[in-house]
1. Could you tell me which residue out of Val188, Met116, Pro203 lies farthest along the dipole of the chain toward its positive end? Charges go on the beta carbon: Lys and Arg +1, Asp and Glu -1, centred on the Cα centre.
2. Over the chain, with a Gaussian network built from C-alpha contacts below 10 Å, which listed residue (Val33, Val112, Val227) shows the highest mean-square fluctuation?
3. Label the chain by shape, choosing from rounded, prolate and oblate, from the square roots a ≥ b ≥ c of the eigenvalues of the Cα gyration tensor; if a/c is under 1.5 it is rounded, and otherwise prolate applies when a/b is larger than b/c, oblate when it is not.
4. Sorting Ile77, Ile293, Ile177 on the 10 Å Cβ count, fewest up front, what's the list?
5. Sketch the reach of a paramagnetic label on Arg28 as a point 7 Å from Cα along Cα-to-Cβ, and name the residues of the range 137-152 whose backbone nitrogen lies under 13 Å away.
6. Cα convex hull of the range 167-297: how many Å³ per residue?
7. Would you order Glu287, Glu243, Glu191 from fewest to most other beta-carbon atoms within 10 Å of each residue's own beta-carbon?
8. Scaled to the compact-protein estimate 2.2 N^0.38 Å, what is the alpha-carbon radius of gyration of the range 235-296, rounded to two decimal places?
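What follows is calculated from the coordinates using simple rules that are stated; it is not laboratory data. Since we're looking at a predicted model, the values are computed, not measured. Here Cβ is always computed from backbone atoms with ideal geometry, including for glycine, and neighbour counts include all displayed protein chains.
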Amino acid sequence: MDHVISDRLDRALTSALRTMGNAERATRIGLRVSHVSRPTELGYQRYTPSLSVVLAGRKRSIVGDDDDTWGRERFIITPVDLPVIAGVVSADPDAGFVSAMWQLDTRIVTEVAAAMPRPHRDDVPTARLGTWTPGLADAFARLIGLLDAPEDIPVLAPLVSREVVLRLLQTDQAPRILAAVGNREGDVVAEATALLTRRMAEPWSVPDLAAAVRTSESTLFARFRQVTGMTPVQYLRRLRLGEARHRMVVLGDSAAQAAAAVGYRSASHFSRDYHALHGRPPAADAERVRQQIMLNGSSVR
């Protein structure tokens, strides 16, 4: 890694560790900092539109068919709500595992994109992991640094946030961001994912979803795959299985209750899909996760 980038990320890590317990301050700049001391199992998470960064350690993220293990040398842009399977692979001997998720404000992205020359690359990149640039690392470090200067947040946070977005739009991940906020096709994907998330228990088909967002099936399928890495059917299945796991572990639902609540009409179909994703039958997996939470306080969300 370029020494300038590494130095800036070291600075961001120091600020993050120093203010780890102040979630309210981080929320003021749209940031969520996470810290664990050791590797974790894979679990379901729902990523909102965001920039995800690993500052120490390494993690594994499964988004659709993309299965990546990564650390501070890369970052991930989530342009729309995405169901993700993720877990910590390794922790730094000194810092543990530290990650930061910064919420992307689509209004800022739209404003900044409109004010800059249109990027030459129009296709969404096949690689989901982005590559740092010195400018992006510097802007991100200054954003994290605001955690150390809460009195500066009202004035500087809007300015630094726009610079982070500008630097992101100058990286290889610019088309992924613009695909979600910069055109009608992107709006279609954002609207479709919002519908599926809000009404996941309904019996959706691709024709139904395309009609609901007022586009053709071919356009929806192609753009959905580009932006999310999944087909609409895969996306809905991942959403349902993640929410079902949450209901069993946190709310105490039985497998049958959870399956029905998220839209499965067949208990055997639910069990097959769940086992394929989590490697265990629903009830056995939920009991294992509950025991894990009791032992070490880890979370499944």
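1. Projecting each Cα onto the dipole axis, the largest value belongs to Pro203.
2. Of the options given, Val112 has the highest mean-square fluctuation.
3. Taking the square roots of the gyration eigenvalues as a ≥ b ≥ c, the chain is oblate.
4. Ile293, Ile77, Ile177
5. Under cut-off, by backbone N: 145-152.
6. 133
7. Ascending number of Cβ neighbours within 10 Å: Glu287, Glu191, Glu243.
8. 1.02
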